[in-house]
Amino acid sequence: MTMKFKIIGLLFAIGLLAGGCQELDQVPQSTADNNAVFGSEKGLDLYSNSFYDILPTGNDIIRSDEMSDFGARSSVPDFLREGAYGPRQSTGWTWTALRNINYFIENNNRQTVPADARKHYTALARFFRALFYFEKVKRFGDVPWINKAAAVDDPSLFNGRDPRTMVMDSVLADLNYACENIRTTSDATRSLITKSVAYGYKSRICLFEGTFRKYQTTYNLQSTSDKWLNESISASEKVMKEGGFSLNETGGNEKSYRQIFTNNTPVTNEVMLSFICDPALSVYNDANWWWTSATYGARLSFTRTFVNTYLNADGTPFTNKAGYQTITFADEVKGRDKRLQQTIRMGSYKRINGGKEEAAPPVFSYTYTGYQPIKWCLDDTYYDGGTRNINSISIMRYAEILLNYAEAKAELNKLTDQDWASTVGALRKRAGITGGVSAVPTVVDPYLQTNYFPGISDAAILEVRRERATELCLEGFRFYDIVRWKRGPLMEQKWNGFYVPALNQPMDLNEDGKMDVAFVKGTPANPVAGVTYINVAETISAGANPQRLSNDTSGEITWLNTVPRKWEEKHYLYPIPESDRLFNTKLGQNPGW
């Protein structure tokens, strides 16, 4: 975030005051007089800027769905490879930011600063402490609750982990204090924590915890889930009624969705918090490089199973169409939810190359499945070759709050037609969908249920989950949505691509009159200029080309999985890193690791 770079001019004393620690066992003593910082409101403001390092960077966001069920990629993540990931490989048990926050809270007590100002900055600190702990609990489950800037010899640093319930109750208390006492109500830059953003995070965190407790039944916390879901609803309502946000409609349903992800400055009516690039400060992201390179990124492309869940424009499931299994790419993407054409290369999508606009079908030097993402990419090829992107990257936007509200209400069986129309219905209308936008759905889509949520028979819950995947894909939510819904086996779902009717038959993917790709066995006898040939011969190794066709000479693109993906119950939590357990034996280990 551009705002973070104000910290460059921060008093060096802050580094001395708060100290830096990599682990719980490395906490230096405070050594400097702290009056210079805590004796004035300006000092508090400067110090509080350091908290923002907890937020994700632009690059964190654009690649955060790299491990998800809806994408095929160049290699299987170690986390899903049997025997490839364990306590020795685990990371994330770092506590530097926590001591920085706790030190601030302990010392923000100078009478020379007005009480309301001290409350505001303490609220900001407690907001970031809540966010810090939420990320720890998501990853590790039980963690030590530490609410003081412990000295290096403090015995509390060697305590065991506290129960999830105690830690999350403390997180909620911090969030409530933050929501009530943060006094910033508006921020045109969308780079600061405002009261609405605090309520937005409360909406997100409480939805996670409520659904986690409902579906992760091994913890026996189902009886407490409703409390968290109701807290999510009330926080969402605050944003919806008082935040002043709305869905972006600029450009109509052909452009309004993707514009949010490619604008240089945040689309302020919808974006609530953003990582902002600033060429003047050499702050960029590398979205184009990541999403177009054959070697730099993960070559993540959507699977056909997921693309099939995008609705038709009339609001009906695409998979209701007779023979949908054999519809080719150029036709299957027509007449669909307009977000599809703003999320993948298809149809009339064009790029700018050397100042000239050119048709840009899926490129098989990048995509494995044919469904190549464009959500975060700028259309000018100039940005493809390095860390050059200048588009702002949204961290929180109003659409998420609407979905949080709808999901929490659906889980409590409280979702009304009015709720539906103002949340999921509004999102679908923006995407050009005409049917099913005004009333809570009552008919279960068998494709969605069978392929994703066989344990769910409530049509409203199923459709909210469909909408969440469609609206928020590639924004960093999917893995932990799967965790909280206890649907980890989705991570083993087959990697598949579009339907290929026959070998040796060039396909015009965007219907511009030029052939783009053909699937062959061996070397084509009469290659067509401009066509990429994908060799699906069985003798070709996976390292050279992992694609095959499901019926050998026709069918869906499938994947030669030389390394199987395996989900186990233990994967719902990460292991405590081995080095930290050796230092503090009281930490124990998560089940199965």
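The values are calculated or read from the model by the stated rules, or taken from the named source; none is laboratory data. If you're wondering where the values come from, they're calculated on a predicted model, not measured in any experiment. In this analysis, Cβ positions are derived from the backbone assuming ideal geometry, glycine residues included, and neighbour counts consider all displayed protein chains. When the accessible area is computed, the model is the full protein with side chains, heavy atoms only, and any ligands, DNA or RNA have been set aside. Shrake-Rupley method; radii C 1.70, N 1.55, O 1.52, S 1.80 Å.
Remark: the stretch 146-155, residue by residue, has Karplus-estimated 3J(HN,Hα) of 10, 10, 9, 7, 5, 6, 4, 9, 5, x Hz, where x stands for each Gly or Pro and the curve is 6.51 cos²θ - 1.76 cosθ + 1.60 at θ = phi - 60°. Subtracting the Cα-Cα distance of residue 503 and residue 413 from 0.36 nm times their residue separation leaves 27.4 nm of extension gain.
The three principal axes of the Cα atoms in the stretch 361-447 give end-to-end lengths of 49, 29, 23 Å, sorted in falling order. Using the average count of surrounding beta-carbon atoms within 10 Å as a protection proxy, the listed peptides 71-78, 35-42 rank, highest first, as 71-78, 35-42. Taking amide hydrogens as placed 1.01 Å from N in the peptide plane, the amide H of residue 519 sits under 5 Å from those of 504, 505, 534, each at least 5 positions away in sequence or on another chain.
Considering only DSSP beta bridges whose two residues both sit in the chain, what percent are antiparallel, to the nearest 5?
Antiparallel bridges: around 80 percent, rounded to the nearest 5.
What a 1.4 Å probe finds exposed on the chain is 50% carbon and sulfur by accessible area, rounded to a whole percent.
Only the Cβ atoms of Lys and Arg (+1) and of Asp and Glu (-1) were treated as charged; on that basis the dipole of the chain about its Cα centre amounts to roughly 240 debye. If you take all other residues with their beta carbon under 15 Å from the beta carbon of residue 104, and give Lys and Arg +1 and Asp and Glu -1, the sum is +3. Axis angle, to the nearest 10 degrees, between helix 225-242 and the longest C-alpha principal axis of the chain: 90 degrees. Taken over the stretch 342-486, the alpha-carbon convex hull comes to 148 cubic angstrom per residue. Its relative contact order, with pairs defined as Cα atoms under 8 Å and 6+ residues apart, puts the stretch 524-585 at 18 percent.
Are any of the pairs 227/486; 255/334; 138/338 more than 21 Å apart by Cα-Cα distance, and if so, which? Checking Cα-Cα distances, 138/338 exceed 21 Å.
Quick one: what do you get for the stretch 229-344 if you divide its Cα Rg by 2.2 N^0.38 Å?
Normalised by 2.2 N^0.38 Å, the Cα Rg of the stretch 229-344 equals 1.37.
The residues of the stretch 262-367 have, on average, 36 Å² of accessible surface per residue, using a 1.4 Å probe with all protein chains present. Gyration tensor analysis over the Cα atoms of the stretch 165-236 returns equivalent ellipsoid semi-axes of 27, 11, 9 Å (largest first, whole Å). Reported value for the stretch 88-165: 108 Å³ per residue, from the convex hull of its C-alpha atoms. Per residue, the average separation of C-alpha pairs within less than 8 Å and at least 6 apart gives the stretch 392-538 a relative contact order of 14 percent. Return a whole-number percent for the relative contact order of the chain, with Cα pairs under 8 Å and 6 or more residues apart as the contact set. Answer for the chain is 18 percent.
Summarising the overall dimensions of the chain from its C-alpha atoms, the Rg and Dmax are 24.9, 84 angstrom. With helices as the sole contributors, the chain gives -10000 deg cm²/dmol at 222 nm; each DSSP H run of n ≥ 4 counts as -39500 (n - 2.57), and the sum is divided by every residue.
Among 219-226, 173-180, 207-214, what's the highest-first ranking by average C-beta atoms within 10 angstrom per residue?
Going by the mean number of other Cβ atoms within 10 Å, highest first, we get 207-214, 173-180, 219-226.
Probing with 1.4 Å while keeping every protein chain in the model, the per residue accessible area of the stretch 94-221 equals 34 Å².
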